[in-house]
Structures are given as C-alpha cells and as structure tokens.
1. With all protein chains present, calculate the accessible area of ARG97 using a 1.4 Å probe and round the result to the nearest 10 Å².
2. To the nearest 10 square angstrom, what accessible area does THR123 show with a 1.4 Å probe?
3. Take HIS92, HIS127 and sort them by solvent-accessible surface of the protein heavy atoms, 1.4 Å probe, largest at the top.
4. What's the tally of Lys pairs in the chain whose alpha-carbon atoms lie under 24 angstrom apart, where the two lysines are 8 or more places apart or on different chains?
5. As a test of reading the structure, rank ARG81, ARG7 by solvent-accessible area (1.4 Å probe, protein chains only), most first.
6. Quick check: residue separation of ALA102 and GLN32 times 0.36 nm, minus the Cα distance between them. What number comes out in nm?
7. Counting residues in segment 64-125 as N, plug N into 2.2 N^0.38 Å and put the Cα Rg over that result.
8. For segment 89-134, just the Cα atoms, rotate onto the principal axes and tell me the three extents in Å, largest first.
Amino acid sequence: STILLARNVDKAAPNASQFLSVGGAKILPTAQCEFRNGDNLIFYFDIYCPKIEADKKADVTVSFWLMRGGQRLKLGLPDYRLTEAEPKPVPHITVARYMQLAGLEPGSYSLVVQAHDVLAGRTDLAHAPFTVAK
C-alpha cells in the first residue's frame, strides 16, 4: 500500500481495529511530510496478499533505507521478518515503525521500503518522499 508518514500518534480506543491503529496507538499522518532533525518519522503501510502456508504463516522480510539525490543512505534500521498476517478483509500484514531523524542535512529525501515475500519469491518496493526543514 501507500506509505503514510507521521510525526505524532494518539491513544487508540480500547480494542480498536480501525484504520491507522496499531498496538494501542492511532497514527496521525501529516499531509506536509515535512520534518526536522530530532522528530520521529513514523511510517505505516500494509503488505497485501502475502503468500500464506497451510500453518497460516507468512514469511516476509522488510528492509528500509533513505535516498537523497539518488544516493542510498544508511539508516541503521534492522530488517524485519514478519510472519503474522491478518486474514480479513483480504490477507495483509500491517507495518508501523518509527525512526528518529538525526544528523540529516535540510532537503528532500525518500524513505524506501522493500518487502520480500520469501514464500512467493516476490519483491516489491515503495517510496515515500519527505523534506527535512532547517
């Protein structure tokens, strides 16, 4: 899905299974996608229709990096291996993570997400542009 970027979260309603709610937090996306050093860059997306084995487990590895001016920047974020898929309304895996922005020059960046479905042998990339202000 599209990667939504945010800097803030709010408390989700108890037992919330609504859009943008994960682990008791409701993500509040920002339309401007402008951040400052020291801000948390929160990102949220869904991986739709991962291949699921008979034991109802998926096997998806997700990697993240930043791009600036065509150059890949090291983030220090670990790859994640995801195995739990939600079956409804269609099989999907929700990913919500954050990183603290620090030491970035002002300018335009892109968060790149690579999802590799090991069982299906398929890899997909998605980009989310944002700006670091002075």
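1. Accessible surface of ARG97 is approximately 70 Å².
2. 70 Å²
3. Numbers: HIS92 25, HIS127 115 Å².
Greatest to least solvent exposure: HIS127, HIS92.
4. On the way: LYS11/LYS26; LYS11/LYS88; LYS26/LYS88; LYS51/LYS88; LYS56/LYS88; LYS57/LYS88; LYS74/LYS134.
Going through the chain pair by pair, I get 7.
5. On the way: ARG81 160, ARG7 80 Å².
So, going from the largest accessible area down, we get ARG81, ARG7.
6. On the way: separation 70, 0.36 × 70 = 25.20 nm, distance 1.91 nm.
Between ALA102 and GLN32, full extension yields an extra 23.3 nm.
7. On the way: Rg = 14.5 Å, N = 62, 2.2 N^0.38 = 10.6 Å.
With N residues counted in segment 64-125, Rg over 2.2 N^0.38 Å equals 1.37.
8. Principal axes ranked by extent give 43, 21, 16 Å for the Cα atoms.
The values are calculated or read from the model by the stated rules, or taken from the named source; none is laboratory data. As the structure is a computational prediction, the values presented were derived from the model and not from experiment. These accessible areas exclude ligands, DNA and RNA; they are computed on the full protein's heavy atoms, side chains included. Shrake-Rupley method; radii C 1.70, N 1.55, O 1.52, S 1.80 Å.
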